[in-house]
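Working notes for the structure below.
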Amino acid sequence: MDRIDLRSDTVTLPTPGMRAAIAAAEVGDDQFGEDPMVNRLQERAAELLGKEAAVWLPTGTMTNQVALRTLTRPGDDVIVSSEAHAVWHETGGSAANAGVQFTAIGERGVFTADQVAAAIKPRGHLLYPPTTLVEVENTHNRAGGVLFPPAEAARIVEVARAAGVATYLDGARLWNAAVAEGRTVGELAAGFDLVGVALSKGLGAPGGALLAGPRDLVPAILRYRRMAGGAMRQVGFFAAAGLYALDHHVERLADDHANARAIAEALAASPRVRLDPAAVRTNIIVFDLADGAPDAAAVVARARERGVLVVAFGPRRVRAVTHLDVDGAACRRGAEILIEVIEERRAA
Ligand SMILES: *Cc1c(COP(=O)(O)O)cnc(C)c1O
């Protein structure tokens, strides 16, 4: 049996069409600004995101780190959502690289403009670290692909601007959000000083991310990218995959969302699973194991023995992610196997 890999949307392999685009890519030295594919992708991303300029970076994590370095100083305070990627999934990079501290607010990955206003620590205070940045994560990974309400994001951007606080949108999965909301990524990124997007998640490229914002921040972004060791050369091979993904892999994200909902509905029918399937609106399913179920480590190990790969997100919390390389049938089968494992039933 083929394994059903629901660990992440990063596990996708390039499709034949994407491989052909990579093979045909015209490339050059990107540090001299001479990679035609990178230049084309940067221009296209800036236009899609409604920003003046975009810079290619190898990973979403480096994009987040460079955004922090660009918009903050060491010792600053950064407002983030509870369980933000920057807090949980970047191995402490933000403290080591930008030297900032985080204040996490809100619940389930979202927060309000009022909560931001209450959390902002003023500059020039004898005791407080100055809040210089608010970071929004859309979709929110650890909360389960949660959509950040666009109207609240717009209010947050206004509150921040009025307080002289910069804004950053961690949009590693912004295309998922756009497809689920029926909006453009430009609409969702409106007002944010910087926005980061990843090409290696649902879009299915082998790597690459973009950081978009005003042209006058580009020199700082390029410097911090270089400082992080992320200035590369003939990366048009990645950019070609990204351009191909923008042409072919955006609308189909709706399939991933439908598949995730189907998995969520199947899982939620088990008395041993705690999950609200209506809350699953994009491609990530995060569920809790109810009393009586094995713990997450056991579920992950036993599911793997049966060819289904998921990850533990806590002692009794599991994450599954749908993507380009798992179709509807594979997702239905994956959910069946997960339920058998959670209910400790033998295969039929
Ligand atoms: C995956 C992810 C990133 C980082 O992307 P990598 O390319 O894996 O470094 C950043 N933010 C969020 C919300 C993510 O899910």
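Of note:
- Residues of the stretch 155-211 that turn out to be assigned to a loop (DSSP other than H, G, I, E, B), within 14 Å of the ligand (Cβ to nearest atom) and not polar (S, T, N, Q), as a count: 11
- Single match in ALA189, ALA162, ALA151, ALA231 (criterion: within 16 Å of LEU48 (Cβ to Cβ) and not acidic (Asp, Glu)): ALA189
- Scanning the stretch 82-133 for residues that are hydroxyl-bearing (Ser, Thr, Tyr), over 18 Å from LEU71 (Cα atoms) and within 21 Å of the chain's Cα centre (by Cα) gives SER82, THR91, THR112.
- The stretch 311-327: number of residues that are within 16 Å of ALA143 (Cα to Cα) and assigned to a loop (DSSP other than H, G, I, E, B): 3
- When residues of the stretch 271-299 are limited to those that are among the β-branched types (Val, Ile, Thr) and over 24 Å from the mean Cα position of the chain (by Cα), the one surrounded by the fewest Cβ atoms within 10 Å (Cβ to Cβ): VAL273
- For the residues ALA96, ALA54, the requirement of being more than 15 Å from the ligand (Cβ to nearest atom), under 24 Å from THR10 (Cβ atoms), buried (at least 21 other Cβ atoms within 10 Å of the Cβ) and not aromatic (Phe, Trp, Tyr) singles out ALA54.
- Check on ARG261, out of contact with any helix residue (DSSP H, G or I) (no Cβ under 9 Å at 6 or more places or on another chain), at negative phi and part of a helix (DSSP H, G or I): no
- Residue within the stretch 300-323 that is within 19 Å of the chain's Cα centre (by Cα), crowded, with 22+ Cβ neighbours inside 10 Å and either more than 19 Å from GLY109 (Cβ to Cβ) or without any contact (Cβ under 8 Å) to a residue 12 or more places away in the chain (or both) present: yes
- Residue in the stretch 124-142 that is farther than 17 Å from ALA198 by Cβ, more than 13 Å from the ligand (Cβ to nearest atom) and of a type in the set (Gly, Ala, Ser) present: yes
- Residues in the stretch 63-93 that are more than 10 Å from the ligand (Cβ to nearest atom), without any contact (Cβ under 8 Å) to a residue 60 or more places away in the chain and of a type in the set (D, E, K, R): ARG73, ASP76, ASP77.
- Checked against (1) within 16 Å of the ligand (Cβ to nearest atom); (2) closer than 30 Å to THR132 by Cα; (3) β-branched (Val, Ile, Thr), VAL218 passes all but a single condition, namely (1).
Just so you know, all these numbers are worked out from the coordinates, no wet-lab data involved. What you see is a predicted model; the values in this text were computed from it and never measured. Cβ atoms come from the backbone with ideal geometry, glycine included; neighbour counts cover every protein chain shown.
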